[in-house]
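Quick one: structure below, then a few questions.
All of the numbers you see were taken from the coordinates with simple rules; none came from a lab. Remember, predicted model here, so these are calculated numbers, not experimental data. Glycine gets a Cβ as well: all are built from the backbone with ideal geometry, and neighbour counts include every protein chain shown.
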Amino acid sequence: MKVLMSGNEAIARGAYEWGIRFGVGYPGTPSTEILEEFSKYDGVYAEWAPNEKVALEVGIGAAVAGARAIVTMKHVGVNVAADPLFTVSYTGTNGALVIITADDPSLHSSQNEQDNRNYAKFAKIPMLEPADSQEAKEFIKIAFALSEKFDTPVFLRTTTRVSHSKSVVIIEDPLPGEDKTEIRITPSKYVMVPAMARLRRLEVEKRTQALREYAETFGENRMEINSTEVGVITAGMPYNYTKDVFPEFSYLKLGMVHPLPEKLIREFAAKVKKLYVIEELDPFIEEQIRAMGLVVAGKDVFPFTNEFDPGVVETALKGKKPTTVRLPEVAIPPRPPNLCPGCPHRGLFHVLGKLKTFVAGDIGCYTLSFMKPLEGMHSCICMGASIGMAHGMSKALKEKGKGKVVGVIGDGTFLHSGITPLLNMAYNQGEAVIVICDNRTTAMTGMQEHPGTGYTLQGAKAKELDIFALAKVLGIDSVRVIDPYDIKNTREVMREELARPGSSVVISRRSCVLFKRHQTEIRKPLRVDVNKCVGCRNCIGLGCPPIAWRKFADMPADQVIKNAKKQEGNSFIDADLCTGCTICQQVCKVGAIVEVE
Amino acid sequence: MSKKSSIEKINPTEVKSVLMAGVGGQGILRASDILCLVMMESGMDVKKSEVHGMAQRGGCVTSHVRYGSKVYSPIERKGNVDILLAFEKLESLRYLDYLKPDSRIIINELELYPPAVNLGDMTYPGQAIDLVKESFKTVKVVKAHEIARKAGNLRAENTALLGVLSQWLDLEITMWEKIIWEVFPKKVVDANLKAFHLGRAA
Ligand SMILES: Cc1ncc(C[n+]2csc(CCOP(=O)(O)OP(=O)(O)O)c2C)c(N)n1
Ligand code: SF4
Ligand code: SF4
């Protein structure tokens, strides 16, 4: 049967069809839907781990027990999982282990643009790379077959365009999930002390050599010979872009990007006059082909950064085409993502923005508060960095930093990698104030469950972590809970905690407005009473999407109502968008914001 | 697994494309899913691409849909899109460089203010439609909001716009109806079918 599937859905489907029944991962765009979709299939066990390192370790455990496990994460997640990754390469996997790394060229939703093909070479793990959804579904099966055949973890790499594009897929009946698990004790293979790791190290080299040979005849490393003028070596989505513009070229499309098939590459190179490698990000394939002594063009004509598209490929090879349409000369206001109307983070960052502290931030929806007009966050490096950075800063600043350094971290991010830095801060007597924005979910990536939500990925009721009690046991001197919808109290508590010696944690607790589970109160939208608005712009400073500034200069004269001498306009609230959170009402000093009747 | 070598001469000009553009939360991804399913049911190859993630929080959202006998890239190159379906007025301006001189455009007459406009730092280009008309011959302007309201469900704006789009695509009406039946929950199917038909007549 033909269905339309995203690459992510197709990976989940392929794993299921192949009889895989064990999945674990950590959410992160563009990988998230793989495990979400996989978890819905019959007879499957799937869980969210609190971070990628744990996810991989859970997957390794399952594989060592004889299961075939899929582990999913985004590209930067592999950094977190890198420690077990490099050594599971030595031990091998017994059952089977496939790790999905979903890369994000162009940084659509990421903090960097790393090319995780480098991990395959670095950790000596084979890597497959599909170009569309049908291939994604087939390649995941091949990945599992290779893992079993060669006793190795296998990477399947996607990029945002593969994960999130949809194309036609032929689905098949699933194979039954066979249970081959049992306890088998083989310390020489799994206890990686130096003496044994040295021996396994040799096995890794043998395996890589065997995989190299396998790659030479691997059916998904395929040649398409057309014109002998130009040959293109490529893999993944860039294959589609190039085929689209240059159907007449010859192709060597690599389904396996590590290890590379040297003989096949030489054979292909000999068939064409001019050879290109077309790959996004790093010259990963290109450099290896150059090392073979072949003449090849690549990053000398193609960009190092950002994802490609057919236009990028065309421009690189043919030069830029002049634009054929006349573009109006008008300033087009940008439309960046913004905190939702009624977002609980808004109240908190309104307060933080006014406290004149350095706010070491983290990753999640709340990162959006760095923008105008809130401008409430001053750094964001990676998940979990806020607490360690705030502590390091306040130690380095000594007296100058007293009451001036705040770390802000989401509940999801805190559970991902904030607990050990908080322990460190308590242990080393840090003085920073850490705010945990507990919006009861992992909002940024689409409301995934985590150990603080009380539910599992597959919907079972679970233990619900008490973050307050945890902060206390870690040794934090003062732990307090605030409601970020209560501006006055939020401000008071923050001031008190900044003034207090010792370590503090403030839990800012209020559910994400898009998260249905905790949305029980019905709130009325608000409006601006223009007979009271003095045009102070306090509410505009919240950057809430329904609130707009209307200049008197742009208004018909009979609509202008001036309530203050120097007033230049008034605020307006779009009742269709307003959730009635009352934050703007609380910052209005003249009571001009009232409920819609 | 054996080595395959195929000689395919695909003329890329046979592949056509629709670009949908709007704002997070407007139902663009659902709309482009429906379009793709209709194409697929009609026996065509089809691919679509969009970026989820950060864009959802009220940022710009685009979805490329490409269809034909054999489609490779899910994204269209600049200067090559056949039809632009703009879910919001200002968003119709943002991607004009993706069009060619004879591209056709549908604009939903709706203004959603981006942050810089709300803050009073920039003005909303209210004359967007006129500007687009200066450069393109075929521009159709509709009020999908009103159509959706008439159909009895304000959220059916996206199906209303699909109805408008369907006027320009050679696809069986029964195919559209079948897919709309399949993708929407029972409760809202009627309103969506109605919105589609009103859009098709608009
Ligand atoms: C190592 C790593 N894994 C995953 C991600 C993707 N990611 C970004 S923010 C986030 C979680 C945000 O949740 P939370 O901290 O609860 O903040 P919220 O979005 O709910 O405000 C995730 C999973 C990432 N950036 N880095
Ligand atoms: S999804 Fe939730 S947490 Fe994220 S911006 Fe919207 S309201 Fe805030
Ligand atoms: S009450 Fe004010 S701050 Fe809250 S959603 Fe409505 S406009 Fe925004």
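Calculate the tail of P(r) for region A:526-595: the fraction of all Cα-Cα distances greater than 14 Å, expressed in %.
Summing the P(r) tail past 14 Å for region A:526-595 gives 53 percent.
Let me ask something else about it. Where in chain A is the longest stretch that carries no chymotrypsin sites (Phe, Trp or Tyr not before Pro) classed as loop by DSSP and with at most 16 other Cβ atoms within 10 Å?
Here the longest run is A:1-303.
In what sequence do A:224, A:497 fall when counting other Cβ within 10 Å, fewest first?
A:224, A:497
Follow-up question, since we're still on this one. Is any residue of region A:374-391 close enough, with backbone N under 15 Å, to a label point placed 7 angstrom from the Cα of residue A:282 along the Cα-Cβ axis, and if so, which?
Zone members listed by number: none at all.
Any chance you could tell me what percent of the C-alpha pair distances in region B:15-201 go past 25 Å?
It works out to 31 percent of all Cα pairs.
So what's region A:221-318 giving for Rg/Rh, alpha carbon basis, Kirkwood Rh from the mean inverse pair distance?
Value, to two decimals: 0.91.
Per Stokes-Einstein, at 4 °C and 1.567 mPa s, what whole-number D in µm² s⁻¹ belongs to region A:345-518, with the Kirkwood radius over Cα pairs as the hydrodynamic radius?
After rounding, the answer is 82 µm²/s.
While we're on this one: Give the aspartates and glutamates whose C-alpha is closer than 20 Å to that of residue A:463, dropping any in the same chain fewer than 8 places away, or say none.
Cross-link targets: A:47, A:411, A:438, A:449.
Pick out, in residue order, every one of the trypsin sites (Lys or Arg not before Pro) in region A:344-404 that is DSSP loop and has at most 15 other C-beta atoms within 10 Å; say none if there are none.
A:356, A:402
Still on this structure: For region A:1-83, which trypsin sites (Lys or Arg not before Pro) are both in a DSSP coil and crowded by at most 16 other Cβ atoms within 10 Å?
Of the trypsin sites (Lys or Arg not before Pro), the ones in loops of region A:1-83 whose Cβ has at most 16 other Cβ atoms within 10 Å are A:40.
A further question follows. Return one number: the angle in degrees, 0 to 90 and rounded to the nearest 10, between the long axis of the Cα atoms of helix A:133-150 and the longest principal axis of the Cα atoms of chain A.
Result, in degrees: 60.
Quick one: if the Förster radius is 25 Å, what FRET efficiency do residue A:118 and residue A:379 give, using the C-beta to C-beta distance and rounding to 0.05?
The value I calculate is 0.45.
Considering only Cα-Cα distances, which of the following residue pairs are longer than 29 Å: A:124/A:320; A:524/B:178; A:141/A:166?
A:124/A:320; A:524/B:178
I've got another one for you. Determine which aspartates and glutamates satisfy two conditions relative to residue B:47: a Cα distance under 13 Å, and not lying fewer than 8 residues away in the same chain.
Residue B:47 reaches A:132, A:244, B:33, B:76.
So, one more: Given Cβ point charges of +1 (Lys, Arg) and -1 (Asp, Glu) and nothing else, what value in debye, to the nearest 20, does the dipole of region A:1-94 about its Cα centre take?
The calculation lands at about 160 debye.
Viscosity 1.306 mPa s, temperature 10 °C: what is the translational diffusion coefficient of the protein assembly as shown from Stokes-Einstein with a Kirkwood Rh over Cα pairs, rounded to a whole number of µm²/s?
D = 56 µm²/s.
Quick one: order A:512, A:343 by neighbouring beta-carbon count within 10 Å, fewest to most.
So the residues, fewest neighbours to most, are A:512, A:343.
Using the Cα centre of region B:134-173 as the reference point, and only Cβ charges (+1 on K/R, -1 on D/E), how large is the resulting charge dipole? Debye, rounded to the nearest 20.
220
To the nearest 0.05, how large is the calculated FRET efficiency for residue A:462 and residue A:228 if R₀ is 56 Å and r is the Cβ-Cβ distance?
0.35
Could you tell me how many degrees, from 0 to 90 and to the nearest 10, lie between the Cα long axis of helix A:52-64 and the main elongation axis, the longest principal axis, of the Cα atoms of chain A?
With both axes taken from Cα atoms, the answer is about 40 degrees.
Stick to the Cα atoms of region B:86-156, pair each with every other, and give me the Kirkwood hydrodynamic radius in Å at one decimal.
About 13.3 Å, per the Kirkwood formula over Cα pairs.
Oh, and also: Please report, in debye to the nearest 20, how large the charge dipole of region B:54-140 is about its Cα centre when each Lys and Arg carries +1 at its beta carbon and each Asp and Glu carries -1 there.
Using Cβ point charges on Lys, Arg, Asp and Glu, region B:54-140 gives about 440 debye.
Any idea what diffusion coefficient region A:45-132 gets from Stokes-Einstein, in µm²/s, Kirkwood Rh on alpha carbon pairs, 25 °C, 0.890 mPa s?
It comes out at roughly 183 µm²/s.
May I pose another question? Provide the percentage of antiparallel DSSP beta bridges, counting only those with both residues in the protein assembly as shown; round to the nearest 5.
The antiparallel proportion sits near 35 percent.
Residue A:262 to residue A:111: FRET efficiency via 1/(1 + (r/R0)^6), r the Cβ-Cβ distance, R0 35 Å, to the nearest 0.05?
0.50
Show the residues, 5+ positions off or on another chain, whose built amide H is closer than 5 Å to the amide H of residue B:90.
B:112
Also, I was wondering about something else. Mind checking the alpha-carbon convex hull of region A:2-217 and giving the volume per residue in Å³?
113
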